[in-house]
1. Please work out if VAL268 is farther than 22 Å from GLN155 by Cα and at pLDDT 95 or above.
2. Restricting to segment 51-86, what's the tally of residues that are under 21 Å from CYS153 (Cα atoms), outside any loop (DSSP other than H, G, I, E, B), of a type in the set (A, V, I, L, M, F, W, C) and at pLDDT 95 or above?
3. Search segment 1-29 for residues being touching a helix residue (DSSP H, G or I) at 6+ places or on another chain (Cβ under 7 Å) and of a type in the set (A, V, I, L, M), and hand back the single one that is modelled with the highest pLDDT.
4. Within the set of pairs 6 or more residues apart or between chains, which connect a residue that is touching a residue at least 40 places away in the same chain (Cβ under 8 Å) and over 16 Å from THR221 (Cα atoms) inside segment 27-39 to a residue that is in a helix (DSSP H, G or I) and among the polar types (S, T, N, Q) with Cβ atoms less than 8 Å apart?
5. Please count how many residues of segment 237-256 are under 15 Å from ALA169 (Cα atoms) and either touching a residue at least 24 places away in the same chain (Cβ under 8 Å) or of a type in the set (S, T, N, Q) (or both).
6. Within the group GLU48, GLU31, which residue is assigned to a loop (DSSP other than H, G, I, E, B) and either acidic (Asp, Glu) or surrounded by 22 or more Cβ atoms within 10 Å (Cβ to Cβ) (or both)?
7. Report, ordered by the first and then the second residue, all pairs with beta carbons closer than 6 Å, sequence separation of six or more or different chains, a first member in segment 203-225 that is at pLDDT 95 or above, and a second member that is among the hydroxyl-bearing types (Ser, Thr, Tyr).
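The values are calculated or read from the model by the stated rules, or taken from the named source; none is laboratory data. From a predicted model like this one, the values you see are computed outputs, not experimental measurements. So basically every Cβ, Gly included, is an ideal-geometry build from the backbone, and we count neighbours across all protein chains shown.
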Amino acid sequence: MSENELPRTEMDEYWNEAGGAKWVKNLSHLENMLAPISRHLVASLSLENVTQVLDVGCGGGRVSAQVADKLGGSGEIVAADISETILASATVARKETTNLSFMHCDAETYAFEPDSFDLIISQFGVMFFSTPVNAFKNIHSALRKNGRLNFVCWQSIHENPWMKTAASAAFEILERPPSPEPGEPGPFSLADKELLVGILSSAGFKSIQAKPISEALDLGTLDQAVSLMTDMGPSAKPIAEASPENRQQAVAKIREAMQANETSAGRVKLKGSFWLVTAQA
């Protein structure tokens, strides 16, 4: 075991097994759905005098590739993810982008070369840390003096009907799991702005800003939306573990809820709300 390798955590196992497989299955769909959010993140980046960029939790690498294109020949981006499953797909999809490289690591604990990046970015890749302050301290150590951190993370589930609508429908049939504790690793761990700013401040960041933004997210056709929300989101695990009868009823409820948000063009659209966060090392 090398100095940068640690025993696999529960999160590591999830993203390299069931979670990673589901993400790859839905990758194109998810990237298209999240495209409006990606545009906000990429537009927030100042790339003047930036030569080295790190993307934490890069997923399929679409944002990484967009930033690589903007850098052109003046810079390089390293796209890191905890999931070898997702990285295998991303490496093939982005092989034509020559200033983009992929790295398998857990950004929470990986021993990055100190002062090696001008900019660190993330699209929904920083909400799953088991010890957020320590994780952001580790990310901070990888930034050069006055380096920038730009990322997006979800606001609360109540501000995200694209996830809440399906979950509420499914839990009319299935038992609702306990709500996570504030800061507990998961999609909404950084939803509380005060908590978010406090974590970044404790990790050594300054000039912290968190801008609330909402977008209408396109979940696809009715069938695509139902498939996605059955596979992913708060109700995915209870659905997978339910009896065949209860599973069928829960999926039917999700279909009803998605159909109620279907546009005349045959697309399901629901609001997604997130924080656009910027900070300086």
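1. Details: farther than 22 Å from GLN155 by Cα: no; at pLDDT 95 or above: yes.
So VAL268 fails the test.
2. Applying the first criterion (under 21 Å from CYS153 (Cα atoms)) to segment 51-86 yields 53-67, 77-83, 86.
Now narrow it down to the ones that are outside any loop (DSSP other than H, G, I, E, B): 53-56, 62-67, 77-81, 86.
Cutting the leftovers down to of a type in the set (A, V, I, L, M, F, W, C) gives us 53-54, 56, 63, 65, 67, 77-80, 86.
Filter once more, keeping what is at pLDDT 95 or above: 53-54, 56, 63, 65, 67, 77-80.
Residues flagged as under 21 Å from CYS153 (Cα atoms), outside any loop (DSSP other than H, G, I, E, B), of a type in the set (A, V, I, L, M, F, W, C) and at pLDDT 95 or above within segment 51-86 amount to 10.
3. That would be LEU27.
4. Pairs that qualify, where the first residue is touching a residue at least 40 places away in the same chain (Cβ under 8 Å) and over 16 Å from THR221 (Cα atoms) and the partner is in a helix (DSSP H, G or I) and among the polar types (S, T, N, Q), are SER38/GLN66.
5. 13
6. Of the residues listed, the single one that is assigned to a loop (DSSP other than H, G, I, E, B) and either acidic (Asp, Glu) or surrounded by 22 or more Cβ atoms within 10 Å (Cβ to Cβ) (or both) is GLU48.
7. Close Cβ pairs satisfying both conditions: GLN209/THR278; SER214/SER273.
Residue by residue, here is whether (1) modelled with pLDDT under 95; (2) touching a helix residue (DSSP H, G or I) at 6+ places or on another chain (Cβ under 9 Å) holds:
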{"site": "ALA88", "(1), (2)": "yes, yes"}
{"site": "ARG94", "(1), (2)": "yes, yes"}
{"site": "ASN160", "(1), (2)": "no, no"}
{"site": "MET163", "(1), (2)": "no, yes"}
{"site": "GLU184", "(1), (2)": "yes, no"}
{"site": "GLU194", "(1), (2)": "no, no"}
